[in-house]
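Data first, discussion second: the structure below is written as C-alpha cells.
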Amino acid sequence: MSTQDFLIIFVFLPLIGGIHGYITNKVALLLLFRPYNPIKIPLLNITFQGLIPSRQPDLARSIADVIENRLLSAEDLLGKEKLTLILDKLLPKITYNIELQIKKRLPFFVPDAIKIIIIDYIRKIIEEEADRLSANIVDITKDALQNSFKIAEIVEKKLNEFPSSELEVIAHEVAHRELKNIEKLGFIMGILIGIVQGFFLLLLGYTI
C-alpha cells in the first residue's frame, strides 16, 4: 500500500466521515426548533417546520395533563385541610365583625349589660356551630374553586403562548453539555464509519 492510499483510506475517509457525522447531528438538533414558523416548499408541495414548534400544542396538552393528573392537581392546591386552616384563621375575624355590627345596630336605649348578653349569646352560637359551618363552607368553596380552577387549561395556555425561540434558548442553557456531546458523538461515529469503509476498500483490493 502506498502512502497516498494509506492517507486516503485511513485519514481522508475517516475525516470526511467525522465531518459528515458532526454536521448531520448539528443540523438534526437545529431542526428540533427551526424553522419556528411553517415554510412551504413550492415544487414539493411540502410544509416544513421545526419538530417542537410544529408539535407545541400537542406537547403543551400532554405536559398540562401530566401536571394536573400526576404532579399537581386542583385537589392538592385546594385540599380540604388547607381550606379549613384558612377558614379557622378567618373565623375569629368574622366573629369580631359580627359583634361590631351588633353593637352598632342595637338601639341606643338597650343597656350595655343586655348588649353584652346578646353578643355573648351570639358568640356562643357561632362557636357551637363553627365546625358544621366550617365544613359546609369548605365543601362549597372547594367545589366552586375546583370547577373554576383548571390547572391543565392554565398550563396548556401558557405553554402555547411561550415563544419557540425562548424555548430553544432555555433548552440550550439547560442541556448545553448534552447537546454538544451529541454533536461530538456524530463526529466520532463518522470517523469510525470512515475507518470501517477503509477496511472494506482494502478487502476489495482498492488502489489509486
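FYI, it's all coordinate maths here, none of it is from the lab. Predicted, not measured: the structure shown is a model, and the values here were computed from it. All Cβ positions, even for glycine, are placed from backbone atoms using ideal geometry, and neighbour counts span all protein chains on display.
Data table
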read-out: Packing-based order for 185-192, 30-37, 115-122, using average beta carbon neighbours within 10 Å, highest first; value: 185-192, 30-37, 115-122
read-out: Residue-wise HN-Hα coupling along the range 2-12, computed from phi with Karplus coefficients 6.51, -1.76, 1.60 (Hz; x: Gly, Pro); value: 7, 4, 5, 4, 4, 5, 5, 6, 10, 10, 5
